[in-house]
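The values are calculated or read from the model by the stated rules, or taken from the named source; none is laboratory data. Owing to the predicted nature of the structure, the values given are computational and were not obtained by experimental measurement. Because the Cβ atoms are built from the backbone with ideal geometry, glycine has one as well, and the counts that use them run over all protein chains shown.
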Amino acid sequence: MLKHRYEYIAAVDLGSNSFHLIVVKVDETGTISVVDTIRETVRLGGGLAKDGKIKTKVIKNALSCLERFSQRIRRFPKGAVKVVGTNTLRRAKNAKEFIKQAQKILDNPIEIISGDEEARLIYLGVTHGRAAPTGKRLVVDIGGGSTEFIIGEGVESKSRESLQMGCVSFSLIFFADGEISREQMEKALVEAKLIIYPIAAKFNSDNWQDATGCSGTIKAIRNIVHSQGWDKHGISLGSLNILKEHIIKAGHISNLDLPELVEDRKAVLPAGLAILIAIFESLEISSMRVSEQSLREGVVYDVIGRSQHTDVRENTVKSLVNRWVADKTQAQMVQQAAELLFDFATASWQFADEHKEMLKWSAALHEVGLGISHSDYHKHGAYILHNADMPGFSRPEQAMLATMVGTHRRKFKIDEFAKLPNNVRKSAIRLGVLLRIAVLLHRGRVKEKVDCFELKVKGKHMKIKFPQSWLDAHSLSYFDLKREKKFLKKARFDLQVKILEQ
């Protein structure tokens, strides 16, 4: 049995409504046991001003919350903590400023994940937490700023969508003053149905056999309908409509008196309920089971999977190679050369294991843009990698791959790396240099393994040595490397190409 490298793993979910921390213990089979959970209502989404920036007061509250989280995880080893940001941090214009401060507090990188990646992780968490009957399963997660829909089978998600509607954003639009009227509830229902309409046929009940809901909104509604005796198993459309009438009768959020409704859920309950009813009616759901696990647990299982060599990113890269890369042999040769270069440079440049994976993947995908056009194919490749759905990859990881591919030939535009987060920029530049050299070593596109060189690096000084026999057979590659010296000089790298005496 492969033992997981960490005994404890922590996942932090920076959601639009709440921030969550979960700490789990991992046994030798990869099974988790929850040992600690912390949840704080931050309403990051509610703090978005008209200019698209999160308000200063909300940022201050959010950072205070993370100070408390940091006390719990500060002794965890690097790699054992994963922090993800979702809808609001995808949208906020000042997200970078917040992330910079938050990373300093947590002493861990923050990954802003796409809606598609959020959906994948949610499904991963749900499937590990609740077994489904045979067949396909629909999973729905109503968050503060977005709602995710996933259809999958077993542990693999097949179809994923993330829609821009959530309990916080809808509360601000339809219930901002706390009033709950039938008219406002109907407006929220209609708006949610309009947003769902384009995906309704794809996700309706003809396409799955079991429906499962997760997240705080759906769990809160489940708790209410169960405690009131309106439903005994999961959630039904009938119980939702009873709850709707109950809260309309209350007339105002402050008048809601439901034993299972915690105080910080009152403000977003009407909006969350409207969205859930719209989902039931649009997708023809008769009943829905509820999972206790969702995004946070999915993040944990993703970390476990990466360490046990079931990294979904590897499958994502293979899928992109199969779709876009015509000359797979060339990609493999460049990948082999890149790995050799990495092994020579890793001690001096202090690379980590994940850096080798990023270099391998960039080498495998460096010609992904050739499927569009030969002219400036590196730019096309960067565009594809920036914008493609890439399950398993965080936004910074995806941007890092795209930048390396986009700068792997012609002038080395080091300014492109300035757009990457500070914590990955230096490594990305160095990996980009290695990728450029690996590509040049196989410029002739001849099927061969180039392993006759030596590379020494010290800071930005690089010396690569080849035997005379290699030079005799690869004079154009030698010329390319000499020209590369000029390109790299502008990025303040010094590349020396030497020929070993026979």
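Is at least one residue of the stretch 113-120 within 22 Å of T217 (Cα to Cα) and hydroxyl-bearing (S, T, Y)? Quick ask: steps written out before the conclusion?
Restricting attention to the stretch 113-120, the residues satisfying the condition of being within 22 Å of T217 (Cα to Cα) are 113-120.
Narrowing further to those that are hydroxyl-bearing (S, T, Y): 114.
There is at least one residue in the stretch 113-120 that is within 22 Å of T217 (Cα to Cα) and hydroxyl-bearing (S, T, Y).
Could you list all residues from the stretch 6-17 that are in a strand (DSSP E or B), of a type outside the set (A, V, I, L, M) and surrounded by 22 or more Cβ atoms within 10 Å (Cβ to Cβ)?
Of the stretch 6-17, the ones in a strand (DSSP E or B) are 8-14.
Okay, now just the ones that are also of a type outside the set (A, V, I, L, M), so 8, 13.
Result: D13, single match.
Tell me the residue from E67, E118 that is surrounded by fewer than 18 Cβ atoms within 10 Å (Cβ to Cβ) and either of a type outside the set (A, V, I, L, M) or free of Cβ contacts under 8 Å to residues at least 12 places away in the same chain (or both), please.
Numbers: E118 fails: surrounded by fewer than 18 Cβ atoms within 10 Å (Cβ to Cβ).
On inspection, the qualifying residue turns out to be E67.
Go through the stretch 287-297 and give me each residue that's small (G, A, S) and either assigned to a helix (DSSP H, G or I) or within 26 Å of the chain's Cα centre (by Cα) (or both). Before you say what the answer is, go through the steps one by one.
Step one: list which residues in the stretch 287-297 are small (G, A, S), which gives 287, 291, 294.
Scanning the stretch 287-297 gives S291, S294.
Take residues that are closer than 30 Å to I285 by Cβ and tell me which of the helices (runs of 4 or more DSSP H) falling wholly in the stretch 41-140 contain 3 or more. Full working, then the answer.
Working: elements: 56-73, 87-91, 95-106, 115-129.
The qualifying helices (runs of 4 or more DSSP H) are 87-91, 115-129.
Tell me, which residue of the stretch 410-432 that is loosely packed, with under 13 Cβ neighbours inside 10 Å and free of Cβ contacts under 8 Å to residues at least 40 places away in the same chain is farthest from F487 (Cα to Cα)? Before the answer, list the steps.
The first filter runs over the stretch 410-432 and keeps only residues loosely packed, with under 13 Cβ neighbours inside 10 Å, leaving 410-411, 415, 418-419, 422.
Next, from what is left, pick out any that are free of Cβ contacts under 8 Å to residues at least 40 places away in the same chain: 415, 418-419.
Numbers: D415: 13, A418: 18, K419: 20 Å.
Only one residue fits best here, namely K419.
Would you call S181 within 16 Å of R289 (Cα to Cα), at pLDDT 95 or above, surrounded by fewer than 19 Cβ atoms within 10 Å (Cβ to Cβ) and assigned by TED's automatic domain parsing to the domain that holds S162?
Details: within 16 Å of R289 (Cα to Cα): no; at pLDDT 95 or above: yes; surrounded by fewer than 19 Cβ atoms within 10 Å (Cβ to Cβ): yes; assigned by TED's automatic domain parsing to the domain that holds S162: yes.
Spelling it out, it is not the case that S181 is within 16 Å of R289 (Cα to Cα), at pLDDT 95 or above, surrounded by fewer than 19 Cβ atoms within 10 Å (Cβ to Cβ) and assigned by TED's automatic domain parsing to the domain that holds S162.
Taking the stretch 141-154 as the region of interest, how many residues are under 23 Å from G30 (Cβ atoms) and either basic (K, R) or assigned to a loop (DSSP other than H, G, I, E, B) (or both)?
Selection size over the stretch 141-154: 1.
Considering K78, K60, which residue is at pLDDT below 95 and surrounded by fewer than 16 Cβ atoms within 10 Å (Cβ to Cβ)?
None of the other options fit; the residue is K78.
Which residues, counting only those in the stretch 174-190, are touching a residue at least 60 places away in the same chain (Cβ under 8 Å) and of a type in the set (D, E, K, R)?
Hits for the stretch 174-190 are E179, R182.
Is the stretch 155-173 home to any residue that is touching a residue at least 12 places away in the same chain (Cβ under 8 Å), crowded, with 21+ Cβ neighbours inside 10 Å and aromatic (F, W, Y)?
In the first step, residues of the stretch 155-173 are kept if they are touching a residue at least 12 places away in the same chain (Cβ under 8 Å); the result is 155, 157-173.
This time we only want the ones that are crowded, with 21+ Cβ neighbours inside 10 Å, so: 157, 160, 162, 165-171.
Next, only the ones that are aromatic (F, W, Y) stay: 170.
Within the stretch 155-173, one or more residues are touching a residue at least 12 places away in the same chain (Cβ under 8 Å), crowded, with 21+ Cβ neighbours inside 10 Å and aromatic (F, W, Y).
I'd like the residue in the stretch 446-467 that is charged (D, E, K, R) and modelled with pLDDT of 90 or more and, out of all such residues, is surrounded by the fewest Cβ atoms within 10 Å (Cβ to Cβ).
Our first condition is that a residue be charged (D, E, K, R); within the stretch 446-467, this holds for 447-449, 451, 454, 456, 458, 460, 463, 465.
From what is left, the residues that are modelled with pLDDT of 90 or more are 454, 456, 458, 460, 463, 465.
Values: E454: 13, K456: 14, K458: 10, K460: 15, K463: 14, K465: 15.
For the stretch 446-467, the residue satisfying everything is K458.
Which of (1) out of contact with any helix residue (DSSP H, G or I) (no Cβ under 9 Å at 6 or more places or on another chain); (2) aliphatic (A, V, I, L, M); (3) more than 30 Å from E7 (Cα to Cα) does A338 not meet, given it meets every other one?
In the conditions (1) out of contact with any helix residue (DSSP H, G or I) (no Cβ under 9 Å at 6 or more places or on another chain); (2) aliphatic (A, V, I, L, M); (3) more than 30 Å from E7 (Cα to Cα), A338 misses (1) alone.
Kindly evaluate T88 against the criterion of being under 23 Å from E397 (Cβ atoms) and not hydrophobic (A, V, I, L, M, F, W, C).
Values: under 23 Å from E397 (Cβ atoms): yes; not hydrophobic (A, V, I, L, M, F, W, C): yes.
Criteria met by T88.
Checking the structure you have, find out if any residue of the stretch 100-111 is of a type outside the set (S, T, Y), over 26 Å from I304 (Cα atoms) and at pLDDT 95 or above. Give the derivation first.
Step one: of the stretch 100-111, the residues of a type outside the set (S, T, Y) are 100-111.
This time we only want the ones that are over 26 Å from I304 (Cα atoms), so: 100-101.
Now narrow it down to the ones that are at pLDDT 95 or above: 101.
Among the residues of the stretch 100-111, at least one is of a type outside the set (S, T, Y), over 26 Å from I304 (Cα atoms) and at pLDDT 95 or above, which makes the answer yes.
Select from the stretch 155-184 the residues that are among the small types (G, A, S) and outside any strand (DSSP E or B) and write down the one among them that is farthest from the chain's Cα centre (by Cα). Walk me through it before giving the result.
Just the residues of the stretch 155-184 that are among the small types (G, A, S), to begin with: 157, 159, 162, 166, 169, 171, 176, 178, 181.
In the following step, the residues that additionally are outside any strand (DSSP E or B) were identified as 166, 169, 171, 176, 178, 181.
Details: G166: 19, S169: 21, S171: 26, A176: 31, G178: 34, S181: 38 Å.
Among those residues, the one meeting the criterion is S181.
Of the numbered conditions (1) surrounded by 16 or more Cβ atoms within 10 Å (Cβ to Cβ); (2) at pLDDT below 95; (3) within 22 Å of the chain's Cα centre (by Cα), K96 satisfies every one except a single condition; which is it?
Among (1) surrounded by 16 or more Cβ atoms within 10 Å (Cβ to Cβ); (2) at pLDDT below 95; (3) within 22 Å of the chain's Cα centre (by Cα), the lone unmet condition for K96 is (1).
Residues are listed down the side, and each one gets a yes or a no for (1) outside any helix (DSSP H, G or I); (2) under 25 Å from E148 (Cα atoms); (3) of a type in the set (K, R); (4) in contact with a Ser or Thr (Cβ under 9 Å, 6 or more places away or on another chain):
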| site | (1), (2), (3), (4) |
| --- | --- |
| A192 | no, yes, no, yes |
| V225 | no, yes, no, yes |
| H233 | yes, yes, no, yes |
| K244 | no, yes, yes, no |
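For the stretch 344-396, give me each residue that is over 24 Å from N422 (Cα atoms) and either free of Cβ contacts under 8 Å to residues at least 24 places away in the same chain or in contact with a strand residue (DSSP E or B) (Cβ under 7 Å, 6 or more places away or on another chain) (or both).
Scanning the stretch 344-396 gives F344, I372, S373, H374, S375, D376, Y377, H380.
Read through the list (1) touching a helix residue (DSSP H, G or I) at 6+ places or on another chain (Cβ under 6 Å); (2) under 26 Å from Q164 (Cα atoms); (3) at pLDDT below 95; (4) surrounded by fewer than 19 Cβ atoms within 10 Å (Cβ to Cβ), then give the number of the only condition that D264 fails.
Unmet condition: (1).
Which of the residues that make up the stretch 31-65 are farther than 21 Å from E263 by Cβ and charged (D, E, K, R)?
Answer for the stretch 31-65, where residues must be farther than 21 Å from E263 by Cβ and charged (D, E, K, R): D36, K50, D51, K53, K55, K60.
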